[in-house]
Amino acid sequence: MTTNRRQHTLEVLVENEPGVLARVAGLFSRRAFNIETLNVGPTEDSSISKMIIGVAVEGHSLEQVIAQLDKLVSVISIKDVTAQAKEVHDTQPDYQN
Amino acid sequence: MAKHVPTANGTEMTGATSLVKSLEAAGVEVMFGLPGGAILPAYDPIFDSTIRHILVRHEQGAGHAATGYAQVTGRAGVCIATSGPGATNLVTPLMDAAMDSVPLVAITGQVPSAAIGTDAFQEADIRGITMPFTKHNYLVTDPAEIPGVIAEAFHIATTGRPGPVLVDVAKDALQKMTTYNWPTSIKLAGYNPKTTPDAQAITDAAALIAQSSKPVFYVGGGVIKANASAELRQLVELLGAPVVTTLMARGAFPDSHPLHMGMPGMHGTVAAVTALQKADLLITLGARFDDRVTGKLSTFAPNAKILHADIDPAEIGKNRHADVAVVGDVRETISALIPALKAALAKSQPDLSTWLRQMNSLKATYPLGYDVPDDGSLSPQLVIERIGKISGTDTIFTSGVGQHQMWASQFISYEHPRTWLNSGGAGTMGYGVPAAMGAKVGAPNATVWAIDGDGCFQMTNQELVTCALNNIPIKVAIINNESLGMVRQWQTLFYEGRYSNTSLESKRVPNFPMLAESMGCVGLSCERPEDLDKTIEKAMSINDQPVVVDFRVHRDAMVWPMVAAGTSNDEIMIARATAPDWDSQEL
Ligand SMILES: Cc1ncc(C[n+]2csc(CCOP(=O)(O)OP(=O)(O)O)c2C)c(N)n1
Ligand SMILES: [Mg+2]
C-alpha cells in the first residue's frame, strides 16, 4: 500500500507576537495535518513574521488546511507558493499504477 | 446598582481599574467569578463597579453560568478567575463553549510578569492550555494594552462564528498605573469574518433547491446563534420541505410545525434520520455534520447533494463535500435565499408531494414513545414530559449529559429559540445547574428548569448555594435512576449487562432533598406516578427560592431510537434489536 501525498508550500504571514509559533504548530498537531518543514523569518515590517510551511496533504484537503489556518486570529494571510504540485510517494513504490 | 458613566480616555488609573472600566465599556452587566491572589487587584475596583459580580462556589460553575447567560441573551458571557487552579477550573467550560460556538470572555489573573516561567506559586500557562479551544487568547503584561485587548476580545467572541476568548493578565499589569484609552475602532489584520454571502452562491443554492424532489432542511445551532428562526420559517414554508433540527438547534423551528420531522442523530426520530438518509438534497443551515448526526460518515445521506451554508469557511467540506457552499451569516443567507428561491421556483416548481407523504407516514408510524413500567414505578420520560407540559413553552430548559438529556430533547416540545440549553459538542456532565443559573440571570422573568441526572447533579450542585444567596430561583429536576444511566445503557447493549462502575446508589446517598435544603433551596421528592403532577405544580409555585425535586425513577429505561456509535444511520433501532419495518414503507 502506498499513499499519494501532495506536498504544498504555504507562505503564511503572521503577527509577530509571543506564542504565534505554538498556535500554528498546535493547530497542525491537533488537526492531524502533516507538517514537513517550517521556517520562520522576519519581514520588512517588524510586527509581521513570515512562515514557510511545507505540508503534505493526505486525508485532508489543502483547502481544509488553509481554512483552519485562516481561522487563527494571528494569521494574516496564506499563499500557496508550491512551485509545482509534485506527487510525494512513500518509500514503497506503487506497483498498481 | 450605580449607573455606568463612561470613563474619559486619558484618565490615569491602575491596570485593574482600567480592566474593570474596559469591561463596563464593553457593555458587561454581569460576570461570574471567584477571586484569588493573582486577580485580587481587579476585585478591588469590581467592588465599586456597575457590573454585577456573582460569586460562584467553583470556577467551572462560573464558566457554564456565563455560557447559560450567553445562550439565553445572545450576548457574551463573562467569567473571571485567578491564576493556576482558578484558571484551569475554567478549562472545561471553555472547551464546552468552543464546541457549541458560545460567545464567552474569560478573564484570568496571572503571576507577576517577572515570575512567568519560574513555576511560581499558582502559575499555569493558561494561554498555552486553552489555545486549542479558544477562538483567540491573550497574555497581557503591559497595562496600557488592557482596554484594546478587552475590546478585541468581545469583538472576536461575538462576531463571525461565536466562541470563547481568554484574557490572561499578569498581576503587575493590574497593579501598575496606566492611562485608560478605550479604542474607537478595532483593526485586526487576521480577523475579518465574512457575513454577507456571495450573490452567485445564493443563485446556485436556489437553483439546486428548485431541482430537488426530496429536499430536507438540516438545521443546526447556527440558526439560533444568528437569530434566524423567523427567516427560516419563511424559507421552509416557501419550499414546503421537511425539517430536522439537531440537538443544538432544538427550538430553532417549532416542534409543533407539521413539516418538523424531529431531531436527527444517534437518538433522533426515525422520520428525521430517514429523511436525511433518503434525501436527494440537504439544505444545511448552520450545522456541521457532527458524527453524532451522520453516524458512519461513508453511509450518511448517500444520495444527497449538499448545500452547506455556514459562517465558518472551515466547516465547508470538513466532513462532507459541499456541492454548493454559502459562506456567511445564516440569517443573511436565508434572507437572500428567499427571493432567489421564489424566482427559481417560478421557473420550475418541483413536486414534493410523494416525498412529503413518505415522511409523514414515517412520522406517524414511528412517533417517539416509551414503555411505562407496570410495577407502579415512575418512568423518567413521563416525568420530563409532564414538566414540559405543565411549565409550558416559554420555559427555558437546561440539562446535564446522559439519558435525561436525550429524553429532555425528545419529550419536551420546543417552540422558541433559546429555550433549550445543553452541552452538545462537549457532552459536559455538570453543565445543567450552572447553565440554569446563568440562564436565569440572563432571563430573570422566565421559568428556568434544569433537567439533570443524579450523576451530573453531583458534579456541580454547589452552585445552588450561589443561586440561593443571590436570588436566582431556578428549578432542578433530578432524574434519579441511581445510575450513570447512559453508560449503563451502553453496558446493557454492548457489554452483556456487566455494570462496571455505573451504579451510583443515589437513592440511598446522598439524600437530595436534604442536600438541597442545606444549600438554602426547597427540597422535594417524588416516587409515584400519582404524585407527579402535584409535585411539579408545587415546584412551579415556589418562586422565591431555588427548588430541587428528586424524581426517583426506575433505572432500566433506555433511550430509543438509537443509532449505535460507528454504525450507519440505516441501522437505526427503535427498541432493542428492533429495526423499523422498512418493507411496509414506500421509500
Ligand atoms: C464530565 C464527564 N464525565 C463523564 C462523561 C461520560 N458520561 C456520559 S453520560 C454519563 C452518565 C450520566 O449520568 P447521569 O447524570 O445520572 O445521567 P443519566 O444518563 O443517568 O440520565 C457519563 C458518565 C461525561 N459525558 N462527562
Ligand atoms: Mg442517572
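The values are calculated or read from the model by the stated rules, or taken from the named source; none is laboratory data. Keep in mind it's a predicted model, so treat the numbers as computed, not measured. Backbone-built Cβ (ideal geometry, glycine too); neighbour counts: all protein chains shown. The accessibility values were calculated without ligands, DNA or RNA, using every heavy atom of the protein model including side chains. Shrake-Rupley method; radii C 1.70, N 1.55, O 1.52, S 1.80 Å.
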Exercise. For region B:535-587, name all the residues that are surrounded by 13 or more Cβ atoms within 10 Å (Cβ to Cβ), of a type in the set (Ser, Thr, Tyr) and either over 17 Å from B:Ile451 (Cβ atoms) or touching a residue at least 24 places away in the same chain (Cβ under 8 Å) (or both).
Key: B:Thr567, B:Ser568
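Tell me, please, whether a residue that is at pLDDT 95 or above, more than 9 Å from chain B (Cβ to nearest Cβ) and open to solvent by 50 Å² or more (accessible area, probe 1.4 Å) can be found in region A:86-94.
So the first thing to find is which residues in region A:86-94 are at pLDDT 95 or above, and the list is none.
No, region A:86-94 contains no residue that is at pLDDT 95 or above, more than 9 Å from chain B (Cβ to nearest Cβ) and open to solvent by 50 Å² or more (accessible area, probe 1.4 Å).
For the subset of region B:425-471 comprising residues that are in a loop (DSSP other than H, G, I, E, B) and more than 15 Å from B:His64 (Cα to Cα), which member is most open to solvent (accessible area, probe 1.4 Å)? Step through it out loud before you land on a result.
From region B:425-471, those in a loop (DSSP other than H, G, I, E, B) are B:425-431, B:443-447, B:461-462, B:470-471; that's our starting set.
Filter again for more than 15 Å from B:His64 (Cα to Cα), leaving B:443-447, B:470-471.
Details: B:Ala443: 21, B:Pro444: 80, B:Asn445: 157, B:Ala446: 20, B:Thr447: 40, B:Asn470: 47, B:Asn471: 112 Å².
Here the residue is B:Asn445.
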Quiz item: Restricting the search to region B:511-528, which residues are in a loop (DSSP other than H, G, I, E, B) and more than 28 Å from the chain's Cα centre (by Cα)?
Solution: B:Asn511, B:Glu527, B:Arg528
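Residue check: is B:Arg320 closer than 30 Å to A:Arg31 by Cα and part of a loop (DSSP other than H, G, I, E, B)? Lay out the reasoning, then the answer.
Values: closer than 30 Å to A:Arg31 by Cα: yes; part of a loop (DSSP other than H, G, I, E, B): yes.
Answer is yes for this residue.
Please indicate, with yes or no, whether at least one residue in region B:494-505 is touching an Asp or Glu at 6+ places or on another chain (Cβ under 7 Å), more than 9 Å from ligand 1 (Cβ to nearest atom) and in the same structural domain as B:Asn461 (by TED's automatic domain parsing). Step through it out loud before you land on a result.
Applying the first criterion (touching an Asp or Glu at 6+ places or on another chain (Cβ under 7 Å)) to region B:494-505 yields B:503-505.
Imposing the further condition that a residue be more than 9 Å from ligand 1 (Cβ to nearest atom) reduces the set to B:503, B:505.
Now drop any that are not in the same structural domain as B:Asn461 (by TED's automatic domain parsing), which leaves B:503, B:505.
Yes, region B:494-505 has at least one match.
Considering only region B:526-537, I want to know if a residue exists there that is away from ligand 2 (no atom under 16 Å from the Cβ), farther than 22 Å from B:Gly392 by Cβ and of a type in the set (A, V, I, L, M). Lay out the reasoning, then the answer.
So the first thing to find is which residues in region B:526-537 are away from ligand 2 (no atom under 16 Å from the Cβ), and the list is B:528-537.
Narrowing further to those that are farther than 22 Å from B:Gly392 by Cβ: B:528, B:530.
After this cut, where a residue has to be of a type in the set (A, V, I, L, M) as well, the list is none.
Taking every residue of region B:526-537 in turn, none turns out to be away from ligand 2 (no atom under 16 Å from the Cβ), farther than 22 Å from B:Gly392 by Cβ and of a type in the set (A, V, I, L, M).
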Self-check item: region B:546-587: number of residues that are farther than 30 Å from B:Pro513 by Cα, charged (D, E, K, R) and assigned to a loop (DSSP other than H, G, I, E, B)
Solution: 3
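With the structure loaded, tell me whether B:Thr299 is at pLDDT 95 or above and either open to solvent by less than 10 Å² (accessible area, probe 1.4 Å) or within 14 Å of chain A (Cβ to nearest Cβ) (or both) or whether it fails that test. Working first, answer last.
Values: at pLDDT 95 or above: yes; either open to solvent by less than 10 Å² (accessible area, probe 1.4 Å) or within 14 Å of chain A (Cβ to nearest Cβ) (or both): no.
The answer is no for B:Thr299.
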Exercise. Please give the number of the condition B:Asn137 fails out of (1) in contact with a strand residue (DSSP E or B) (Cβ under 6 Å, 6 or more places away or on another chain); (2) facing chain A (nearest Cβ under 10 Å); (3) surrounded by fewer than 22 Cβ atoms within 10 Å (Cβ to Cβ).
Key: (3)
Quiz prompt | Residue in region B:202-212 that is open to solvent by 40 Å² or more (accessible area, probe 1.4 Å) and either within 14 Å of chain A (Cβ to nearest Cβ) or in contact with a Lys or Arg (Cβ under 8 Å, 6 or more places away or on another chain) (or both) present | solution = no
Self-check item: Condition broken by A:Thr43, with the remaining ones in (1) open to solvent by 20 Å² or more (accessible area, probe 1.4 Å); (2) without any contact (Cβ under 8 Å) to a residue 40 or more places away in the chain; (3) in contact with a strand residue (DSSP E or B) (Cβ under 9 Å, 6 or more places away or on another chain); (4) within 29 Å of B:Ile126 (Cα to Cα) satisfied
Solution: (4)
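With the requirement that a residue be assigned to a loop (DSSP other than H, G, I, E, B) and open to solvent by less than 20 Å² (accessible area, probe 1.4 Å), what does region A:56-75 give you? Quick ask: steps written out before the conclusion?
The initial filter retains those residues of region A:56-75 that are assigned to a loop (DSSP other than H, G, I, E, B), namely A:58-61, A:72-74.
Result: A:Val73, A:Ser74.
State the number of residues belonging to region B:309-338 that are farther than 12 Å from B:Ala205 by Cα, more than 14 Å from chain A (Cβ to nearest Cβ), of a type outside the set (Lys, Arg) and open to solvent by 30 Å² or more (accessible area, probe 1.4 Å).
The initial filter retains those residues of region B:309-338 that are farther than 12 Å from B:Ala205 by Cα, namely B:310-321, B:328-332, B:335.
Then drop every residue that is not more than 14 Å from chain A (Cβ to nearest Cβ), which leaves B:328-332, B:335.
The next check asks that each one be of a type outside the set (Lys, Arg); those that pass are B:328-330, B:332, B:335.
Of the ones still in play, those that are also open to solvent by 30 Å² or more (accessible area, probe 1.4 Å) are B:329, B:332, B:335.
Qualifying residue count for the region: 3.
Yes/no per residue for (1) touching a residue at least 60 places away in the same chain (Cβ under 8 Å); (2) touching a Pro at 6+ places or on another chain (Cβ under 8 Å); (3) in a loop (DSSP other than H, G, I, E, B); (4) acidic (Asp, Glu):
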{"position": "B:Ala346", "(1), (2), (3), (4)": "no, no, no, no"}
{"position": "B:Asp351", "(1), (2), (3), (4)": "yes, no, yes, yes"}
{"position": "B:Ser361", "(1), (2), (3), (4)": "yes, no, no, no"}
{"position": "B:Tyr370", "(1), (2), (3), (4)": "yes, no, yes, no"}
{"position": "B:Phe397", "(1), (2), (3), (4)": "no, no, no, no"}
